[in-house]
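Inspection log for the structure reproduced underneath, given as structure tokens.
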Amino acid sequence: MKKLATFCLFLVVCLPAVAVAVEESQVMYVGGTAPGVETGAIGRFDFVPPTALIFEHKGGKLAIPYADIQSYKYSSEVTRHLGVLPAVAVGVIKMRRHSHFVRISYRGADNSEQAVIFEVPKHLPRTLQAVLETRAPGASKPTAHGAGRN
């Protein structure tokens, strides 16, 4: 019994420190085909320019022209899948965290197909969706997977 209690305490204390997450206004480039952006780059979105969505990160800027956006999709996933026993132990003390992702497909400068995936904070998908619906009306309607969960 002591071993189980020690293991549960270990999970509660150590696992949150291991998880990488975006906070507040941070956005993380998870992957895609964007030239010049490294996977894991952390930055922020700039919604001010009326012609392009700008991802500003330490290595530079990625501009995605609204006119070139073909589709976008929001999804939410459970960050950790611990298994039954650890999930119950952690769930008693702390809610499981969800990661929020936005996938954008667009045409690049050379007319090539591009796709990017960003991890965004919990509050940002609604803002981003409103901006994209307004400024990229030609994009296919957004879909959401897991949007009802937080």
request  = Could you compute the FRET efficiency for Arg107 and Val78, with r as their C-beta to C-beta distance and R0 at 25 Å, rounded to 0.05?
outcome  = 0.15
message = As an exercise, use a Förster radius of 25 Å and the Cβ-Cβ distance of His123 and Val48 to find the FRET efficiency, rounded to the nearest 0.05.
response = 0.90
inquiry  = Given a Förster distance of 22 Å, report the FRET efficiency between Arg97 and Val131 from their Cβ-Cβ distance, rounded to the nearest 0.05.
reply    = 0.30
request  = Tell me which residues come under 5 Å, amide H to amide H, from His98 once H is placed; ignore anything under 5 positions away on its chain.
outcome  = Thr79
request  = Taking H placed 1.01 Å from N in the peptide plane, check which residues at least 5 places from Leu53 or on another chain put their amide H under 5 Å from its amide H.
outcome  = Ile64, Tyr66
message = What are the ³J(HN,Hα) couplings of segment 47-56, residue after residue, when phi is run through the Karplus curve with 6.51, -1.76, 1.60 and θ = phi - 60°? Round to Hz, x for glycine and proline.
response = 8, 5, x, x, 9, 8, 7, 10, 9, 9
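Read-outs throughout are calculated quantities, based only on the coordinates presented, and are distinct from any laboratory measurement. Everything quoted here is computed from the prediction, not taken from an experiment. Positions of Cβ are backbone-derived with ideal geometry, glycine not excepted, and every protein chain shown enters the neighbour counts.
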